[in-house]
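Engineer: Have a look at the structure that comes next, please.
Values in this text are rule-based calculations from the coordinates and carry no lab data. Please read all numbers here as calculations on a predicted model, not as lab measurements. Quick reminder, even Gly has a Cβ in these numbers, built from the backbone with ideal geometry, and neighbours come from all protein chains shown.
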Amino acid sequence: MPGLGARQPNLTNPSSKSVSKTETIPRPVRELIAENIDSVHTLEVLLFLQRHRQQRLMVSAVQDSIKSSPAAIRESLVRLVAAGFAQHYPGGLEHFQYLPTTPELDQLTSELAAVYSQRQSAVIETIYRRSI
């Protein structure tokens, strides 16, 4: 135990700033999150679509993996379509497919998936902070 005259660490010293978890995520990925990903649920739906990019999926197929209500799954899917990540095929049996509108969006989604697999808590913190 330090004596009364012992030097205590300066916890307010600006030179000893620690890097936040969100700062460990590349800026383009943080921007993608800030602009398009409003929840971990939506992220999980996006990454599921990406892993099954060759398939047109019904809401029930996504629900089997994501374990959420059909309404919540559909809401995330519609949001992803509006953001340019997926295509909607309406009809009696509506389907959705991962089909980004640009190669850059596809590349950023791949980077997001890689970062999420390595630093899940940092990505989750970024989603909830929605900071850049």
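Engineer: Starting at the first residue of segment 47-56, write each ³J(HN,Hα) from the Karplus equation 6.51 cos²θ - 1.76 cosθ + 1.60 with θ = phi - 60°, in whole Hz, x for Gly and Pro.
Structural biologist: Along segment 47-56, the couplings run 5, 5, 4, 4, 5, 10, 4, 7, 10, 8 Hz.
Engineer: Also, quick follow-up: Order the peptides 102-112, 42-52, 80-90 from the highest to the lowest mean number of other Cβ atoms within 10 Å of their residues.
Structural biologist: Highest mean packing first, the order is 42-52, 80-90, 102-112.
Engineer: Right, something else. Treating only the Cβ of Lys, Arg, Asp and Glu as charged (+1, +1, -1, -1), what charge dipole size does segment 46-85 show about its Cα centre? Round to the nearest 20 debye.
Structural biologist: For this selection, approximately 100 debye.
Engineer: Let me spell out the model: positive unit charges on the Cβ of Lys and Arg, negative unit charges on the Cβ of Asp and Glu, origin at the Cα centre of segment 33-132. What dipole size does that give, in debye rounded to 20?
Structural biologist: The dipole magnitude comes to about 140 debye.
Engineer: A further question on this structure: What ³J(HN,Hα) values, in whole Hz, does the Karplus curve 6.51 cos²θ - 1.76 cosθ + 1.60 give for segment 60-77 when θ = phi - 60°, with x put for Gly and Pro?
Structural biologist: Taking θ as phi minus 60°, the curve returns 4, 5, 5, 4, 4, 8, 7, 6, 9, 6, x, 5, 5, 4, 4, 4, 5, 4 Hz for segment 60-77.
Engineer: Now, a different point. Can you give me the long-range amide H partners of residue 99? Hydrogens built in the peptide plane at 1.01 Å from N, cutoff under 5 Å, separation of 5 or more residues or another chain.
Structural biologist: HN-HN under 5 Å from residue 99: 86, 87.
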